[in-house]
Every structure is written in structure tokens, then in C-alpha cells.
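In what follows, a structure is listed as C-alpha cells, so that the remarks can point back to it.
The values are calculated or read from the model by the stated rules, or taken from the named source; none is laboratory data. A quick note: this is a predicted structure, and the numbers were derived from the prediction, not measured. We place every Cβ from the backbone using ideal geometry, glycine too, and count neighbours over all the protein chains shown. Ligands, DNA and RNA are excluded from the accessible area calculation, which covers all protein heavy atoms including side chains. Shrake-Rupley method; radii C 1.70, N 1.55, O 1.52, S 1.80 Å.
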Amino acid sequence: MVITYEEELHLVKGILTAADFPEEDAALIAEVITHSDFTGVQSHGLSRLTRYMRQIKAGSLNPRPNFRKVLDTGAVMVFDGDNGSGIASLCKAYGETLGRARQFGIAMSTGRRNANIGCGSYYGWRAAEDNMLALVCCNTYAFTSPLGGADRLIGTNPIVVGVPAGQEYPMVLDMSTTNVAMGKIQAAEREGQMIPDTWAKDYDGNPTTDPSKAFSLSPIAAHKGYGLAVMVDVLSTMLSGACFGTDIGLFSRLEKENTGFCLIMIDPSKFMPLEEFKAEVDRYVRMMKGSRKAPGTEEIFVPGEIEYRKMQVMKKSGFEVSEKLAAELTELSVTLDVVPEGTDFPGLVNRLN
């Protein structure tokens, strides 16, 4: 079934509201999930919502957390998410950090006891729209091993950077420190597909193409990706008091994540007139895109450009929900008493729109 951008927003918000999330939090989460699907990052869209729904059932995702600020020294803040949605926690921290960055020129916040923060590029886009430079990173459930090891101790640990532009698309980097997110492994297993042998390793540390045997995700660029992931752990957990390594709950048991995030925001207008900065970003983008192309290359892209274009296309065409994902969402919605038993996916979408 193909659904529109607005239908997915209402679908996600309706499911989460029925699961006892405050309307404000449900709306924030819906915006990030829908952004993910409509920019082509389906591992963090409705596919990831099914994980959140299972966590709600298991009691490991708190729908009504006591989100609070535990430290405030002006340009530095620390937040406690009370094992609620990492999306809602980071969005709330973002709002306060934005104000401090405009006041001081630079501000930083960290968060502990959070669940997954969703699609990272959302925060990069949002920062660019607010005329801010932003760096976001977080740790996650432990999905990968130290280089040369076999035990899972490190997360996918994404890094996000947003840069505002003038007439050009803003530049938004959203990269995992592993070759793929665990959501892509799960999606492949759900759809009965094999995976490339560069995505994951089995329990003994050997490359595998079977998603059901994927135990540890492979880092990007070997030792370089491993090194980046370690430093994301430092920024996200040791400055926030969040858990890391074996202290994090187990993904397979739907345990509480207790993970952390780090958000740094910089106001370029404190360094020079904003329009001058954005004009320089435009000039940089045009320099990259106008440079000589290697054989077989039709166009050079800057970070985030492909996702921006995909969003424009998909807002017109809609997002196609696979039969298996639709069935899973509907089944979980029934168990959470969102809709009565016997409801099909079109019925679920219609009921919440």
C-alpha cells in the first residue's frame, strides 16, 4: 500500500498516542520517522517503529518519562531522558541548546538514559533550517565488536553534521560508524533477503550473508570506523553519565537502552554576517558539483543532496509500505489496543487519519 507523507505522520502519531505517549512527544517522533521513510532511510522509519512498539509492550520504552535537566552551566547542559524516546529527548534538548547557541555562539548538551534517537539527518536538516551548524552523535545498543574482537561492545554510533546554505541545498552528513544500521539487517530478514558479506559477522567473527546469523556489524573503513565509534562513545556517554559496553541493555531481550547523545550547536553569525557564511557554503557546493567528473559519473553530489531530492520526489509519489511491514504494524497495533482485532492495514491507516 502507498501512503502519503501526511498519512504516515497521522499513522505514527495515532499509534503512539494510543500507546499513552503525550501528544507533543508523539508528534515529534512521527515527524522524525516520516522524515526517515521519505528520505529513503527506511531502516529508521516505520520499520523502526515496530521495534519501538515491542519496547513499549516489554516496558523498556517509557511513554511518559520524567525528562529533566540535571546540569546547566550556561553553554553546557546535561539531560536525563528517563528511558523515554530518544527522539523526543533529543528534540527537547535541541530546543534549549539552540537558544543557548544563539546567546553564546556555541552550546553543547548531552543526554543519558535515552532510547534510539531515530533518523540522524532530521537533526541536521533542522539545524540548517535554523541557520546553525550542528554536530550530533550518540551511542546505541551494542551491535559491533572492537577491531579484532568478537564480543559486541560498541553501537552503530552515528555522526550527524548539518550546515546551512543560501541558494543551494544545505549540506547534511548522516553516517553510521558501521557499514549499515541494524535496521537494514532486520529489514532484510523480514523480507527474506540475503545481505552482502561486508555488512556483518557471525558469532565467531566470520563474515556472513545470512541476516539471521548476523551477530556483529562491520565497522566502516576497518580501524578508522572503529576509532570513530569509540570516540562517539566518549562524547555521548562519558560526558552524560549514560551507559556503554556491557552496561547497555540487550537488544535481543528488549531491555532498556540507557544510551546517550551529544549535541553541539554553533551560530555562524557570531563569526561573520550570516549571509556571507551561507554565500561561502554555496560557493563551496558549486565548486564541488562543478568539478571534473570521473568516467561513468553523471553528477557529483554533496552530503545530504540525494536525500533532499528523494524527499521532493516521494512527497509526490508517496511511500510504499511492504506487505510484511504492513502486517507487522497492524498486528502490533492490535496488541496495543490501537485498533480492534480483524483490522487490516488500510483500515489502520484510515482509522488514524
### Query
A93 versus (1) closer than 16 Å to E255 by Cα; (2) in contact (Cβ under 8 Å) with a residue 60 or more places away in the chain; (3) not charged (D, E, K, R): which is the lone unmet condition?
(1)
### Message
Quick check on segment 184-200. Is at least one of its residues touching a Phe, Trp or Tyr at 6+ places or on another chain (Cβ under 9 Å) and not in a helix (DSSP H, G or I)?
### Response
yes
### Message
Restricting to segment 169-188, give me the number of residues that are in contact with a helix residue (DSSP H, G or I) (Cβ under 6 Å, 6 or more places away or on another chain) and either touching a residue at least 24 places away in the same chain (Cβ under 8 Å) or closer than 20 Å to T237 by Cα (or both).
### Response
10
### Task
Scan segment 121-132 for residues that are buried (at least 24 other Cβ atoms within 10 Å of the Cβ) and out of contact with any strand residue (DSSP E or B) (no Cβ under 8 Å at 6 or more places or on another chain) and report the count.
1
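Give me a count of the residues in segment 324-340 that are open to solvent by 20 Å² or more (accessible area, probe 1.4 Å), part of a helix (DSSP H, G or I) and in contact (Cβ under 8 Å) with a residue 40 or more places away in the chain.
The total comes to 3.
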### Query
Would segment 147-157 turn up any residue that is more than 18 Å from the chain's Cα centre (by Cα) and buried (at least 21 other Cβ atoms within 10 Å of the Cβ)?
yes
### Task
Test G166 against the criterion of being small (G, A, S), under 12 Å from S216 (Cβ atoms) and in contact (Cβ under 8 Å) with a residue 40 or more places away in the chain, and give yes or no.
no
#### Entry: Matching residues, segment 297-326, being in contact with a helix residue (DSSP H, G or I) (Cβ under 7 Å, 6 or more places away or on another chain) and closer than 18 Å to G120 by Cβ
V302, G304, E307, M311
### Query
Among E298, E323, which is the only one that is acidic (D, E) and more than 24 Å from R48 (Cβ to Cβ)?
E298
### Query
If you check T343 against the conditions, is it loosely packed, with under 14 Cβ neighbours inside 10 Å, of a type in the set (S, T, N, Q) and part of a loop (DSSP other than H, G, I, E, B)?
no
